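For reference, the structure discussed in these notes is given below.
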Amino acid sequence: MSPSPNDQAMRLPLPTDGPLEAPAEWQELRRKCPVATVELPSGDKAAYLTRYDDIKALLSDPRFVRPTAADGAARIAPEGAGGPVANGDASLAIADRGEAHLRWRRHIGKYLTAKRVTALRPGMTAIAESLVDNLVDQGQPGDLKATVGFPLPVYVICDLLGAPAEDRDRFSHWSDAFLNISRYTTEEARESYTEFAEYMSALIAAKRAEPGDDLIGNLIKDSTEDGEGLSDDLLLNTGMGLLVAGHETTANMIGKMVSMLLADRTRWERLLADPSLVRTAVDEVLRFDANFGFGVRRYLGEDVEVGGELLPGGTTVVCSLSAANRDEQVFADPGEMDLTRAPNPHMTFGAGPHACLGQSLARTELQVVLETLLRRLPTLRLAVPVEELQRVEGLLVGGLRTVPVRW
Amino acid sequence: MKVSVDEAKCCGAGQCVLLAPEVFDQRDDDGIVVLLAPEPAPDQHSNVREAAAVCPASAITLHEAP
Ligand code: HEM
Ligand code: SF4
């Protein structure tokens, strides 16, 4: 079924029955209309993909990249809404294509390898412990998202970058202002960006004088050693990029993970009985999450065939990773949460040359939070019925507004 | 079982190392995959299969003995 110009385009986001539910349309679309026409909140139109194989093939094709303002691609948010990153323009304000992208990725990638991330695990556990202490101190019911989910990833990124611990809460504020288009005005978002840029420039200058054993310090050492390192601008954008890419995504995922596992408490009990399932449980939660924004965008610089259909150059494509994660061609019983599922080739971190560079870090953070909660608060439960959880109306990364819990 | 990796495709996400650290590593200078054991011991086979299945860049190829 190809979209004809007269078709009433579907509007994103698609409606769902509950805060954790998948839209009923995905299954239909995968079956009958794998290349659908949708209207984004900006009013712009895009092609919407829902099949696993189509999305994996498109994301693995190095010719296609995330759109920037210069491409004239379909925008997500209406004009004027949101901070500098609401349309993904500055979001990963880094070399985003071609050789420059590859070089940037390999420069940063070496500080986010599985080994490096594993070395950060004890520090992450200490952070998780202290945040759970705060939750307990504040009394019942508590908001797990605000108290644990939101601060944890930003603290971890501060440690990674080498920003002092006492500045962590400023980072949290800036990061929120860049991304939270419902809570802050464009003006506030811009101000935060300026403050953040000033802070980072000072931090980079201090590190140039005395490089420590952290990401920024090491990048600086590399550049003085082989003359191949990153400029001040790129260092600044790297700090910004890591915060933007790694904070809101992980913060929301922590809240959604705990909600999904407590929504049916037999899941939680299974993990209490066998904590060795934490690793596969985290990946299954990542697969199962149906509230993950619209998906990732690609701008087609030239014609390409997708699912047997020719998409003309100039098209903006939105790939619904969550719809792909429920594709019955790839996952047995996709609508069931199976905490032992392995292998679990879900696409929540994307695929191909732009696949999430922080995925080892994100997985480790989620595992550490879950282990810590199981150990410290085995009696944890939702303080409200699941249906009363509310989705964030943000446009980039789906999440829940609050996650009220008792223990 | 024989394993091969495609360094050009690898995006350095490290899933293989998290799953099978005795078989895969990442280079210190750019995070790209290094194959430690092209013919892994039988007790590693299931981890290696999992790594190949979840590699986001489809950079790991397995040749299973018939
Ligand atoms: C649960 C948490 C996370 C999720 C679900 C997630 C998801 C994603 C996805 C889907 C992409 C691909 C975007 C695209 O193809 O256009 C991506 C890219 C990226 N992510 Fe993550 N991410 C998470 C956490 C993190 C963390 C913690 C970091 C680092 C601190 C990070 C750093 C990055 C970077 C740098 C990119 C850009 C890669 C490139 O363009 O080459 N992410 N992420
Ligand atoms: S999982 Fe794949 S992409 Fe990631 S490091 Fe290993 S080979 Fe490279």
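The values are calculated or read from the model by the stated rules, or taken from the named source; none is laboratory data. Computed from a predicted model, the values in this text were never measured in an experiment. Cβ sites come from the backbone with ideal geometry, for glycine too, and all protein chains shown count toward neighbours. For the accessible areas, the whole protein counts, side chains as well, though only heavy atoms, and no ligand, DNA or RNA atoms are used. Shrake-Rupley method; radii C 1.70, N 1.55, O 1.52, S 1.80 Å.
Chain B holds strands (runs of 3 or more DSSP E) entirely within its bounds, and those carrying 1 or more residues that are more than 20 Å from A:Leu361 (Cβ to Cβ) and charged (D, E, K, R) map to B:2-5.
Here is a yes/no grid of residues against (1) near ligand 2 (Cβ under 9 Å from one of its atoms); (2) surrounded by 13 or more Cβ atoms within 10 Å (Cβ to Cβ); (3) at pLDDT 95 or above:
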| residue | (1), (2), (3) |
| --- | --- |
| B:Asp28 | no, no, no |
| B:Ala37 | no, yes, yes |
| B:Pro40 | no, yes, yes |
| B:Val48 | no, yes, yes |
| B:Ala51 | yes, yes, yes |
| B:Glu64 | no, no, no |
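Once segment A:111-127 is narrowed to residues that are surrounded by 22 or more Cβ atoms within 10 Å (Cβ to Cβ) and out of contact with any strand residue (DSSP E or B) (no Cβ under 6 Å at 6 or more places or on another chain), the residue that is nearest to the other protein chains (Cβ to nearest Cβ) is A:Ala114. Note on segment A:336-359: among residues that are without any contact (Cβ under 8 Å) to a residue 40 or more places away in the chain and away from ligand 1 (no atom under 16 Å from the Cβ), the one that is nearest to the other protein chains (Cβ to nearest Cβ) is A:Pro343.
Across segment A:1-12, the qualifying residues are those that are open to solvent by 90 Å² or more (accessible area, probe 1.4 Å) and assigned to a loop (DSSP other than H, G, I, E, B), and the one among them that is modelled with the highest pLDDT is A:Gln8. Scanning segment A:368-384 turns up no residue that is hydroxyl-bearing (Ser, Thr, Tyr), open to solvent by 10 Å² or more (accessible area, probe 1.4 Å), part of a loop (DSSP other than H, G, I, E, B) and within 16 Å of ligand 2 (Cβ to nearest atom). Flag: A:Gly123 does not match the condition of being at positive phi and not hydroxyl-bearing (Ser, Thr, Tyr). The set of residues in segment A:36-61 that are more than 15 Å from A:Ala324 (Cβ to Cβ), open to solvent by 40 Å² or more (accessible area, probe 1.4 Å) and within 21 Å of the chain's Cα centre (by Cα) contains only A:Pro41. Looking at segment A:319-332, is at least one residue within 14 Å of chain B (Cβ to nearest Cβ), among the aliphatic types (A, V, I, L, M) and crowded, with 20+ Cβ neighbours inside 10 Å? So far as segment A:319-332 goes, yes, one or more of its residues are within 14 Å of chain B (Cβ to nearest Cβ), among the aliphatic types (A, V, I, L, M) and crowded, with 20+ Cβ neighbours inside 10 Å. All conditions in (1) in contact with a helix residue (DSSP H, G or I) (Cβ under 7 Å, 6 or more places away or on another chain); (2) open to solvent by less than 30 Å² (accessible area, probe 1.4 Å) hold for A:Leu311, with the sole exception of (1).
Does segment A:128-146 hold any residues that are under 13 Å from A:Arg376 (Cβ atoms) and open to solvent by less than 40 Å² (accessible area, probe 1.4 Å), and which are they? Listed by number, the residues that qualify are A:Ala128, A:Leu131, A:Val132, A:Leu135, A:Gly142, A:Leu144. With the structure loaded, tell me whether A:Arg363 is open to solvent by 10 Å² or more (accessible area, probe 1.4 Å), within 14 Å of ligand 2 (Cβ to nearest atom) and touching a residue at least 60 places away in the same chain (Cβ under 8 Å) or whether it fails that test. For A:Arg363, the condition - open to solvent by 10 Å² or more (accessible area, probe 1.4 Å), within 14 Å of ligand 2 (Cβ to nearest atom) and touching a residue at least 60 places away in the same chain (Cβ under 8 Å) - is met. Among the residues of segment A:371-387, are any of a type outside the set (A, V, I, L, M) and in contact with a Gly (Cβ under 8 Å, 6 or more places away or on another chain)? Yes, segment A:371-387 contains a residue that is of a type outside the set (A, V, I, L, M) and in contact with a Gly (Cβ under 8 Å, 6 or more places away or on another chain). The number of residues in segment B:1-47 being within 11 Å of another protein chain (Cβ to nearest Cβ) and over 29 Å from A:His101 (Cα atoms) comes to 2. Filtering B:Cys11, B:Cys16 for residues that are at pLDDT below 95, open to solvent by less than 20 Å² (accessible area, probe 1.4 Å) and of a type outside the set (S, T, N, Q) leaves a single hit, B:Cys11. Taking B:Val33, is it near ligand 2 (Cβ under 7 Å from one of its atoms) and of a type outside the set (D, E, K, R)? Yes.
Across segment A:269-302, the qualifying residues are those that are modelled with pLDDT of 95 or more and within 30 Å of A:Arg75 (Cβ to Cβ), and the one among them that is most open to solvent (accessible area, probe 1.4 Å) is A:Phe288.
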